[in-house]
Amino acid sequence: MKLPDLTELALRNLRESLLRNSLTTVGISVGVASLVAMLSLGIGLQQLASRRLMKSGLFDTVVVTSRRDLRNFGRDENTPASPPGESRILDEAARQEIERLPNVSEVYPDIRFPTTLLFDDKPHLTMVAALPMSAKSNDAFESLQGQFFSSDMAHEAVVQKAFAEELLGRTAKPGVDETNVKELAPPLLGKELTMRYAERENANGEENSANSIAAGAEQSPAGAAYSVVSREVKLKIVGVADLDPESMRGPTRARVFLPLRLAESLHIMQPTDLREISRAASEQPVYSSVSARVKNPAQIRTIEDAIKKMGFNTFSILDATRSLQQFFAVLDLFLGIFGSLALAVASIGIVNTLVMAILERRREIGIMKAIGASERDVEKLFFAEAGAMGILGGIVGVALGWAIGQVINAGTNVYLKRQALPPEHFWTVPLWLVGAAILFSFLVSLAAGLYPAGRAARLDPVQALRYE
Amino acid sequence: MQNQTATISASLQSATTPAILTENLCRYYQMGQTLIRAVDGISLSVSGGEFVALLGSSGSGKSSVLNLIAGLDRPTSGSVVVQGRDLAQLSREEIAKYRLRTVGMVFQSFNLIPSMTIAENVELPMRFAEVERGKRDSLAREALTWVGLQARMNHRPSELSGGEQQRAALARALINRPQVLLADEPTGNLDSHTGIEIMNMVRDFNQQLGMTVVMVTHERALAERYVQRLIFMADGKLIGEEINSATAAASVAAMNEGCDAQRRMS
Ligand SMILES: Nc1ncnc2c1ncn2[C@@H]1O[C@H](COP(=O)(O)OP(=O)(O)OP(=O)(O)O)[C@@H](O)[C@H]1O
Ligand SMILES: [Mg+2]
């Protein structure tokens with residue numbers, strides 16, 4: 001029998017005992033739904049985790065430092081793996097060279113320094129860091145109150161929540177560690193901070209900042225190469241960050257951020273600069289460390305290798321992602337197994353329904369054989385019925401699984417909202433899963449139809465027709 | 001030219017060699033300790049275009065013989081040769097094809113599939129024969145017109161009278177143009193008037209298409225009105241036969257006519 005005829009007959013037969021077949025199909029769809037629900041939860045969690053990690057900037061960043069860094073100066077000299085001839089100065093030329101590497105989206109100098117900021121004429125000592133405009137997508141700024149910098153040169157600052165508390169004279173109450181950032185922001189936004197900093201000025205350089213006040217000049221200990229001038233700059237507070245964007249930096253993490261280009265233009269003296277004195281001979285700026293952002297975390301190793309070959313030290317958190325992927329592979333496997341169990345139970349329902357159908361349709365099978373149906377025809381017909389139930393159940397099941405996911409998503413977001421956390425979309429049903437689930441349901445149903453179809457095909461027509 | 005000669009010689013052969021030939025046909029059933037000899041050494045020959053009746057009391061083995069000829073059942077021993085083909089030599093797939101194309105069956109209880117309309121029932125054998133849909137529809141319509149059911153083709157069997165159902169069953173049996181029609185008490189569930197109506201139709205097919213017909217029946221009177229030969233069975237054995245003189249003369253003419261008809265068809 002041809003496929004369209006077969007399908008038509010199968011669907012007609014399914015319609016004939018509608019209640020029983022729909023119940024069986026519902027059974028399959030519940031199985032498929034649980035499979036889809038389990039797998040999409042696993043996939044969703046995985047995507048959420050990697051999205052979070054990507055946004056955190058931890059996994060797509062390579063920190064590049066010069067090998068001549070004083071901290072490991074001695075070690076470098078003694079390591080045969082990195083002969084001193086290979087080490088290079090991390091200057092502007094090197095920065096541009098790294099930026100030209102494939103899959104590197106940007107390379108920016110790390111500018112961070114401890115300083116004093118005046119707010120309402122009261123001094124506050126803290127660590128300040130410069131951020132590129134691309135940091136706007138950083139996870140820590142997701143629940144930012146106010147705005148991110150309006151431009152790379154704007155005289156603006158974003159302060160971290162803990163520093164905001166300090167500015168307002170609030171101390172975190174013991175036991176209540178969550179202060180709502182929404183309460184902190186309004187009194188601070190638009191206010192001015194005065195930042196004191198030390199400008200590094202070449203000996204023959206001229207005054208370059210109009211609104212900075214020369215508060216005196218000191219000779220640097222290294223001699224006449226440059227002088228350090230104490231200056232002040234006014235910054236407008238535009239944003240208050242809820243989370244800590246620099247949690248990975250530990251004790252050197254900053255609590256006040258300013259735009260990168262602005263910080264560069266100020267020629268701020270950094271603690272690490274002293275080590276570079278001997279190399280400051282060239283006109284180009286020299287950096288103690290730069291951060292390279294990678295387009296795809298999967299490429300991080302090749303990029304690290306390339307940078308190392310150029311003669312620099314690199315650092316990235318790579319292995320963490322590896323073990324995370326491993327964890328999710330195992331999680332998906334287990335969720336899949338549980339989902340498949342539900343489908344297996346449902347497929348027993350198919351076997352049952354079809355065996356019942358054979359008993360009920362003995363006579364019909366006998367008639368079909370008497371008028372010329374071959375064993376193959378009868379077998380195919382029962383297969384088609386099983387397959388049709390499988391496909392229908394698969395489609396309904398995917399829809400059901402998706403709906404369950406939406407409900408759980410919505411439910412969790414209500415919960416997150418109550419906890420004053422941002423909503424999350426952690427339930428994802430990818431298109432391939434839709435196709436795979438329907439196909440899987442179809443194949444499982446065919447397998448379930450194997451025994452009933454064979455039994456129907458071998459039915460003795462004379463016996464079947466004898467029963468009146 | 002050559003083709004035509006071949007066809008003629010084939011139909012000549014079918015006229016001379018028997019359409020159905022059974023030799024020492026046996027079908028035993030083992031029921032616990034006892035062996036039931038439902039069919040016990042039947043040797044029977046039915047020529048092409050002949051219309052015969054199998055008569056006998058209940059349990060004499062008439063239906064069993066018919067099922068063996070139809071290839072629905074396999075004999076314990078002995079052979080069945082239909083249209084020159086030994087059924088024992090055929091594979092299960094080939095037996096199915098044989099049932100599909102060579103024989104048509106009609107039953108006492110009509111055996112239409114209740115979930116299908118009359119038209120769908122009639123075209124079902126063509127689905128198994130993989131005839132395309134358009135052709136199937138027109139052939140089913142044509143067959144239902146022969147039996148006068150064109151107006152009822154979209155009804156389900158349960159909405160039809162017994163006679164109408166049996167007419168539909170006849171149309172289904174004939175839809176693939178079989179050479180042999182096997183009818184197991186086709187009028188058993190019908191009143192005598194409707195029974196005669198069905199018998200007239202069977203006779204028409206026998207005479208106009210030269211179709212070989214074997215009919216099982218209880219009603220001797222009805223058989224004598226239509227068939228050319230009556231075969232009597234008891235306890236699985238043949239116990240005698242009678243040539244029906246009333247229809248024998250007509251049948252010779254009909255047989256010749258039938259050969260012509262067959263030649264025209266092929
Ligand atoms: N599958 C079977 N198992 C056991 N015995 C059977 C089987 N089929 C038929 N028989 C026996 O074989 C004998 C012949 O049966 P069959 O149906 O051929 O009789 P029949 O002549 O057609 O009778 P009726 O006129 O009542 O239809 C009966 O005694 C019946 O009980
Ligand atoms: Mg019988």
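The values are calculated or read from the model by the stated rules, or taken from the named source; none is laboratory data. Quick caveat, the model's predicted, so the values are computed rather than measured. No Cβ is skipped: glycine too gets one built from the backbone with ideal geometry, and neighbour counts run over all protein chains shown. Ligands, DNA and RNA are stripped out before the accessible areas are found, and what is left, the full protein with its side chains, is counted by its heavy atoms. Shrake-Rupley method; radii C 1.70, N 1.55, O 1.52, S 1.80 Å.
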### Query
Where a ≥ b ≥ c are the square roots of the eigenvalues of the C-alpha gyration tensor, would you call chain B rounded, which needs a/c under 1.5, or, failing that, prolate if a/b is larger than b/c, or oblate?
rounded
### Summary
Packing-ranked peptide list from A:157-164, B:214-221, highest mean Cβ count within 10 angstrom first, is A:157-164, B:214-221
### Task
Search the structure for amide H atoms under 5 Å from the amide H of A:Met269, placed 1.01 Å from N in the peptide plane, and list their residues when 5 or more places away or on another chain.
A:Ala198, A:Glu199, A:Arg200
### Query
Kirkwood hydrodynamic radius for segment B:57-188: how many Å is it when counted over pairs of different Cα atoms?
15.5
#### Entry: Shielding score for B:108-116, defined as the mean number of other chain Cβ atoms within 10 Å
4
### Query
Based only on Cα atoms, what Rg/Rh ratio does segment A:286-415 have, Rh being taken as Kirkwood's radius?
1.34
### For chain B: accessible area per residue (Å², 1.4 Å)
45
### Task
Sequence neighbours fewer than 8 away in the same chain don't count; with that in mind, list the lysines whose C-alpha is under 21 Å from A:Lys234.
A:Lys122, A:Lys161, A:Lys191
#### Entry: In nm, spacing of pseudo-spin labels at A:Leu125 and A:Leu331 (7 Å Cα→C-beta vector)
4.3
## Note on the structure
Most packed first (mean Cβ within 10 Å per residue), the peptides A:379-387, A:118-126 order as A:379-387, A:118-126
### Summary
Log10 I(q)/I(0) at q = 0.19, 0.29 Å⁻¹ for segment B:70-113, from Debye over equal alpha-carbon scatterers, is -0.63, -1.12
### Task
Please give the average number of partner chain Cβ atoms lying within 10 Å of the Cβ of each residue in A:372-381, rounded to a whole number.
5
### Message
Restricting the calculation to Cα positions, tell me the Rg (one decimal) and the Dmax (whole number) of segment B:121-210 in Å.
### Response
12.9, 39
#### Entry: Per-residue mean of C-beta atoms belonging to partner chains within 10 Å, peptide B:126-132
5
### Query
Roughly how much accessible area, to the nearest 100 Å², goes out of reach of solvent when B and A pair up, both sides summed, probe 1.4 Å?
2500
### Backbone HN-Hα couplings from phi across segment A:19-35 [Karplus 6.51/-1.76/1.60, Hz, Gly and Pro as x]
4, 5, 5, 5, 4, 4, 4, 4, x, 4, 5, 5, x, 4, 4, 5, 4
#### Entry: Selection from A:Gly311, A:Tyr451, A:Leu324, by position along the positive dipole direction of segment A:308-466 (Cβ)
A:Gly311
### Summary
Rounded to a whole %, the carbon-and-sulfur portion of the accessible area of chain B at a 1.4 Å probe is 50
